[in-house]
Amino acid sequence: MSDAPIIRVEHLDKTYQTVAGPFPVLKDVNLGVAQGEFIAIMGPSGSGKSTFMNVLGCLDRPTRGVFALDGRTIGGLPKDELARLRNRTIGFVFQGFNLLPRMSLADNVALPLVYAAVAQDERRQRARAMLARVGLGQYAQSLPSQISGGEQQRVAIARALVNQPRLILADEPTGNLDSKTGGEIMMLFEELHREGITIVLVTHDPGVAAHALRLVRFLDGRIVEDQRTERAETA
Ligand SMILES: Nc1ncnc2c1ncn2[C@@H]1O[C@H](COP(=O)(O)OP(=O)(O)OP(=O)(O)O)[C@@H](O)[C@H]1O
Ligand SMILES: [Mg+2]
């Protein structure tokens, strides 16, 4: 592990070009995230949280400013190199789980390894190990429709972990879950954090954000608050 921040964002702007003209969504955003941090991002609907997460996840490019991932500036990287850096550094978890409905849970979890060109035997073995890790080893051959929403989100987390990323980005991972199931997902994130994985998650729920150690609040495309949570103060 290097000491470089895993995320460094400086004076970042994102402006969408729309038929009505340029539409600025992120405005002069600055953020440094050290390895091993656990951050919750909050803010009203439309304040730019998902847009920011998409930039962090290299799914979208900033209009202006600096974004460095694991010490490497993203701006000038060719597409294939960017894809490689993303695949080996980041695991994504989304609100809607995004599992492929006709694939077994094991095959869903193994999918990032297909892109990483890992051989089939190893894919199978690692997918099963990850499913077991999130407590769903017995469901490897089930389909997503045969398990509950909370279980589906655990499968999505297993999929995010299968490449052994050092950074997990989660956009409202508990948004579609009841509070008890959401709490179980947060316990899993706490466990991953204890293992040294950096976690950045977006949530509308203060109870979910309370699991994090740092809270960053967006308002109208800007960071207006950045502070340690109560959990960090009492830890
Ligand atoms: N591709 C796009 N083109 C134009 N405008 C967009 C695009 N994507 C998002 N926006 C706009 O950017 C603004 C920020 O959207 P974003 O999805 O980042 O908000 P958010 O904070 O994640 O909101 P929510 O809490 O509802 O998920 C919104 O006004 C949205 O309509
Ligand atoms: Mg959003």
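The values are calculated or read from the model by the stated rules, or taken from the named source; none is laboratory data. Because the structure is predicted, anything quoted here is derived from the model rather than measured. All Cβ positions, glycine included, derive from the backbone under ideal geometry; neighbour counts span all protein chains shown. These accessible areas exclude ligands, DNA and RNA; they are computed on the full protein's heavy atoms, side chains included. Shrake-Rupley method; radii C 1.70, N 1.55, O 1.52, S 1.80 Å.
Of all the residues that make up region 72-104, how many are assigned to a helix (DSSP H, G or I) and either among the basic types (Lys, Arg) or closer than 26 Å to Gly196 by Cα (or both)? Lay out the reasoning, then the answer.
Kept after step one, since they are assigned to a helix (DSSP H, G or I), are these residues of region 72-104: 79-89.
Filter once more, keeping what is either among the basic types (Lys, Arg) or closer than 26 Å to Gly196 by Cα (or both): 79, 81-89.
So the answer is 10.
The set of residues from region 35-90 being crowded, with 16+ Cβ neighbours inside 10 Å, at positive phi and at pLDDT below 95 comprises Cys58, Asp70. Pairing residues of region 222-235 that are in contact (Cβ under 8 Å) with a residue 12 or more places away in the chain and open to solvent by 100 Å² or more (accessible area, probe 1.4 Å) with residues that are outside any strand (DSSP E or B) and of a type in the set (Lys, Arg), at Cβ distances under 9 Å and at least 6 apart in sequence or on separate chains, gives no pairs at all.
Close contacts from region 11-32, counting a first residue that is among the polar types (S, T, N, Q) and a second that is assigned to a loop (DSSP other than H, G, I, E, B), with Cβ to Cβ under 7 Å and a gap of 6+ residues or different chains, come to Thr15/Thr63.
Only one entry in Arg217, Arg133 is over 23 Å from Asn98 (Cα atoms) and of a type in the set (D, E, K, R), namely Arg217. Could you check, for region 26-47, whether at least one of its residues is assigned to a strand (DSSP E or B), farther than 14 Å from Thr198 by Cβ and within 14 Å of ligand 2 (Cβ to nearest atom)? Among the residues of region 26-47, at least one is assigned to a strand (DSSP E or B), farther than 14 Å from Thr198 by Cβ and within 14 Å of ligand 2 (Cβ to nearest atom), which makes the answer yes. Against the numbered list (1) within 26 Å of His211 (Cβ to Cβ); (2) crowded, with 17+ Cβ neighbours inside 10 Å, Gly32 comes up short only at (2). If Asn98 satisfies every condition in (1) over 23 Å from Pro24 (Cβ atoms); (2) at pLDDT 95 or above; (3) within 16 Å of ligand 2 (Cβ to nearest atom) but one, which is the exception? Exception for Asn98: condition (2).
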